[in-house]
Amino acid sequence: MKIIFLLLLGVYFLDAQIVVVTNKNSQLNSIPKEIVQYIYLAKTDKVENIKVKPIVSDDKNLHGGFCNTILCKSESQYNSYWARLVFTGRKPIAKRFGWNEIVKKLQELNTIAYIEKKDLREEWKIIYEEN
Amino acid sequence: MKIKKLLCKIIFLLLTSSAYSSEFEIKTFGTLSTVYNDNSNYIYRKDIFQKDGSSDDLSYKTDTLIGLQTTLKINEKFSLLLQGIVNNDYNDEVKAKIDWGYLKYDSGENIIVKVGRIRTPYYKNSDNLNVGYSNLMIRESIEVYGQVPFSSYNGIEVIYSNIIDKYFYTFQANYGKEELTVPIHSINQKANVEIDNLYAMNLTFGTTALQARFTYLNADITASSASLEQLFGGLRASGLNELADRYEFKDKKSEYMGVGLFLDYNNILFSTEYGRRRISSFFANIHGYYATLGYSFDKFIPFVTYAKSKMDVPTYDANTGVAALDALLRAQNLAQSSKTVGIKYYINENFDLKFQYEHVVPKGDFGSYHLSTLQKPQELNVFSFALDFIF
């Protein structure tokens, strides 16, 4: 029983490939991993002179996976990092959005969000995908 | 005073011109902690501003504090920020104080300008020293973080940051002044300290995983009190001008230089900083470093730290021929080393729990950051627990 559970868990994580997307009509086409990290760690909000708006998901599994695979940080490290930004007056706390709000936000050009690849829609395009 | 008046005028103009577009936010942070030091001959404390701490008993005063941060967003570019804390002060009383507060201009194009009361950028965690949730350890290594006894100043800060290829850099320049009271508990005195012409530069560069940091500060500092005036006045009256010139802390050019290296990559955490204080007065020159290594097992982050501080010239064998001056010089000995092992447990987005054990070895007679009347140093074993929160 335990083995079946672990296998199912493994299949779930294999399937849950996280990608970074934007609106299909955006001028953004591809972003290097380092720049995705800089955007989500508030070190820049521009890519090739285009101002981008990063969206943070309120889905804990998705967010944890994004922190681990793309930001290369544990969720606790990510939260400590943001606490530092917020309580030193550098940045306001990043608001987290549910799926419907993310869909709505991605109607705006140059808004970027991380999603599970299986949830990709026609009106979006992938700008970063982990190999 | 001119800076304060100018700041008030700017704030008034901005508030009146954008009264209908402002947003207001309040956030809180804090730490509940208890500390036990097993050596009754020492009072273990967080920094030199504390009078009381643990001395073979539980102390709830060492790290416990509560803080409040308010942000008034005036418009897209201007905001007003204020942070205050309540904790145990150097008179052993629980007091509220404004830690920092400034008018911030964010160009949205790489430049940030702050005017008001600003944190002095000595160390990597200078800005967030009181926000335990954002730090790995319960308190930073005093061997580096305890070298300079003031943490904020009144003035201006300009920050420029950008990205070149896959690397980021941030350049920070500061100018201002500060006045404060520094207690010298070991000889039961207080000094009024005036800091003028404070210039600071700070460069941080690297990637999100690996960063390096360089800091340089320069200021003209004067420390005075009735007993200091009496001591150095007496030396001059006795014709000991050379001795008075050498040790009197009057308009002395003072420097601090620091370097640091920080790694935060795939669960591995490493940080190290080296700091060096140079002040040609009785407030003796010192240098020190720490190195911390941690590993993040999801919610658990165990860590180890080694830290050491050393006086450039030992003060404990001071023999100037003037007993009062010798006593003052001996009290400046802050040489020590410490080994710390601990763990941070991340509970959720609002709370964490920490435990750490620290073994402190003071070096030299009359030594250590921690209060004692002993001439010969003794070792300390210190156990600390903390619950940090942010809302």
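Nothing in this text is a laboratory measurement; each read-out follows from the coordinates by a stated rule. Everything numeric in this text was worked out from a predicted model, so none of it was measured. Quick reminder, even Gly has a Cβ in these numbers, built from the backbone with ideal geometry, and neighbours come from all protein chains shown.
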More than 21 Å apart: what percent of Cα pairs in the stretch A:17-129 qualify?
31
Determine the shielding of peptide A:69-76 by partner chains: average, over its residues, the number of Cβ atoms on other chains within 10 angstrom of each Cβ.
6
Most packed first (mean Cβ within 10 Å per residue), the peptides B:196-204, B:334-342 order as B:334-342, B:196-204
Checking A:L62, A:L71, A:L120 against a Gaussian network model of chain A (alpha-carbon springs below 10 Å), the top fluctuating residue turns out to be A:L120
With springs connecting C-alpha atoms under 10 Å apart, model chain B as a Gaussian network and identify which of B:N350, B:N285, B:N37 has the largest mean-square fluctuation.
B:N350
Residue range of chain A that is longest and free of trypsin sites (Lys or Arg not before Pro) which are both DSSP loop and sparsely packed (at most 13 other C-beta within 10 Å):
A:25-94
R0 of 51 Å, Cβ-Cβ distance B:T320-B:S161: FRET efficiency to nearest 0.05:
0.60
Can you list the HN-Hα couplings for the stretch B:194-204, worked out from phi with the Karplus curve (6.51, -1.76, 1.60; θ = phi - 60°), rounded to whole Hz and with x for Gly and Pro?
10, 10, 10, 6, 7, 10, 9, 9, 8, 10, 10
Using only atoms on other chains, find how many Cβ atoms lie within 10 Å of each Cβ of peptide B:128-134 and report the average.
5
Sequence ranges B:132-142, B:113-123, ranked by mean other-Cβ count within 10 angstrom, highest first
B:132-142, B:113-123
From the P(r) of the protein assembly as shown, can you give the percent of Cα pairs sitting at distances over 45 Å?
20
Which FRET efficiency value, to the nearest 0.05, do you get for B:N41 and B:M201 by plugging their Cβ-Cβ distance into 1/(1 + (r/R0)^6) with R0 = 41 Å?
0.50
Residue-span extension gain [B:N241 to B:E179] - 0.36 nm each, minus C-alpha spacing:
19.6 nm
Can you count the Lys pairs in the stretch B:246-391 whose Cα atoms are under 12 Å apart, with each pair 8 or more apart or on different chains?
7
Under a crude label model (7 Å from the Cα following the beta-carbon direction), how far is A:A94 from B:I98 in nanometres?
3.2
Whose amide H sits under 5 Å from the amide H of A:K91, counting only residues 5 or more places off or on another chain, with H placed in the peptide plane?
A:V86
A:C72 versus B:F389: modelled label distance in nm, points set 7 Å from Cα along the beta carbon direction
3.6
Average other protein chain Cβ within 10 Å of Cβ, residues A:86-99:
5
Using alpha carbon centers only, the stretch B:266-316 is separated from the stretch B:49-97 by a whole-angstrom value of 23
